[in-house]
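Following: one structure in structure tokens, then a few remarks.
None of the figures in this text is laboratory data; all of them are computed from the coordinates on show. From a predicted model like this one, the values you see are computed outputs, not experimental measurements. Neighbour counts run over all protein chains shown; Cβ positions are idealised from the backbone, glycine included.
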Amino acid sequence: MVTALITHAECLNHVTPEGHPERVARLEHILHALEGLDLKRVTAPMAAEDDILRCHPADYLQGLRAARPEEGWVQIDGDTYMSPGSLDAAFRAAGAVIRGVDMVLEGEVQNAFAAVRPPGHHAETETAMGFCLFGNAALAAKHALDHHGLSRVAVVDFDVHHGNGTQDLLWDEPRALFITSQQMPLWPGSGRPDEDGTAGQILNMPLSPGSDGTEMRTAYEVQAFPRLRAFRPELIIISAGFDAHQDDPLASLNWSTADFAWITRELCTLAAELCSGRIVSTLEGGYDLNALSRATKAHVQELMKAPV
């Protein structure tokens, strides 16, 4: 079995203002870093409107369409912008993760990585924020549950910022376990341990500013991995943010590239134990270009080596 790399050139058409950290160069650097790897390269489809409506209401989607500029940018949140190509890029990003779910669950590939932008884990039900328009990971989880008929899906988010959007979109979904680690305090300010969902299916693991991979590994070994084993997901979706890296400018955790390889390897081992190795990963944050490239490559290489 192979690992799929799912992306689309239209994700490069989401253009942000000069100096914005979520920029075109992020995806360019990642794709360059992955060039030599033996991956099944897949063109991301546009997500169907019905896929988006599993999590976001129709008036939210209508509002984004109305806001799309013909040139330049429109600011729709304090740090979230849309250019003329942004909405199509967002549909491709959501479509990539959903396509990854289809490929993995249909046995076409062992696992998949969606190299896409804009990211998704901050987009709430009716609110675009934190560089995000659609909740890509949550949309993929709901697709696996509703379209493929799975009973249990886990989403694991190791981005340095709390996945408030994924939490909001899955808050009332007992079929989805959401596990998230994040620096606290840090924007967006959510992610306390007592935020646990309507069925206790959300696990927030705050990490101390200045801490390194040791604290992260302990949190996952003591809290996250036992919860995954108890839940026994049929699919694991990863929100793969690489901004906990020690070189990242937007936060102050001190993970190394080896830490990202470790957490990916451990999740792959658990997936082999629990769900026949089925993992779909999607890009979230990471804003130092060199660190992002190294950590993403390490992440994908671990997916490629994953046991079945």
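Here are some notes:
- Sequence-distant lysines (8 or more away, or on other chains) whose Cα lies within less than 26 Å of Lys305: Lys40, Lys297
- Summarising the amide proton neighbourhood of Ala114: residues at separation of 5 or more, or on other chains, whose placed amide H is nearer than 5 Å comprise Ile6, Ser281, Thr282, Leu283.
- Sorted by Cβ neighbour density within 10 Å, fewest at the top, the residues His14, His20: His20, His14
- For the chain, the mean residue ellipticity at 222 nm estimated from helices alone is -11000 deg cm²/dmol, where every DSSP H run of n ≥ 4 contributes -39500 (n - 2.57) and the total is divided by all residues, rounded to the nearest 500.
- Phi angles across segment 284-297 convert, under the Karplus curve 6.51 cos²θ - 1.76 cosθ + 1.60 with θ = phi - 60°, into 3J(HN,Hα) values of 10, x, x, 10, 8, 5, 5, 5, 4, 5, 5, 5, 5, 4 Hz, Gly and Pro given as x.
- Counted over segment 3-304, the DSSP beta bridges are approximately 15% antiparallel.
- Relative contact order for the chain, counting Cα pairs under 8 Å that sit 6 or more residues apart, in percent: 19
- Across segment 188-289, the volume of the C-alpha convex hull divided among the residues equals 110 Å³ per residue.
- Restricting segment 20-94 to GluC sites (Glu not before Pro) that sit in a DSSP loop and have at most 16 other Cβ atoms within 10 Å of their own Cβ leaves Glu35, Glu70, Glu71.
- Over segment 193-295, relative contact order from alpha-carbon pairs under 8 Å, at least 6 apart, %: 31
- Long-range amide H partners of Asp243 with built H, under 5 Å: Val160, Gly285, Gly286
- Grouping the Cα pair distances of segment 19-134 into 5 Å bins from zero gives a pair-distance distribution of 2, 11, 19, 24, 19, 13, 8, 4, 0 percent in increasing distance order.
- Using R0 = 30 Å, the C-beta based FRET efficiency linking Ala9 and His148 works out to 0.60.
- Normalised contact order of segment 186-228, rounded percent, pairs of Cα under 8 Å and 6 or more residues apart: 26
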